[in-house]
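Engineer: Please find one structure pasted underneath; my questions will follow.
The values are calculated or read from the model by the stated rules, or taken from the named source; none is laboratory data. Predicted model only: the values in this text are computed from it and were never measured. Backbone-built Cβ (ideal geometry, glycine too); neighbour counts: all protein chains shown.
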């Protein structure tokens, strides 16, 4: 239910924006004569979506090093815990033989 409420709250302004801005604009690629006529609202929404996805990609790429470091640290902790357990298991045997 919460997902539905959030979806409506996010999508309603986008739909209202698209319905309010129906002017046609020509988008062209500068060195060529290629161009396409689209509604200005669609052009803006697509540009915003592309910018959002590129920003998410940049953040994801910057987090890769931190995740790699965290995995290495977890492996090291597991190894050290295993060594502690081995030493603790060996310790009573050496104490009983010394007594």
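Engineer: Could you check, for the range 29-41, whether at least one of its residues is closer than 22 Å to residue 10 by Cα, part of a helix (DSSP H, G or I) and modelled with pLDDT under 95?
Structural biologist: yes
Engineer: State yes or no: is residue 17 surrounded by 10 or more Cβ atoms within 10 Å (Cβ to Cβ) and touching a residue at least 24 places away in the same chain (Cβ under 8 Å)?
Structural biologist: yes
Engineer: Okay, next question. Consider the range 59-75. How many of its residues are surrounded by 10 or more Cβ atoms within 10 Å (Cβ to Cβ) and within 30 Å of residue 15 (Cβ to Cβ)?
Structural biologist: Final tally of qualifying residues: 1.
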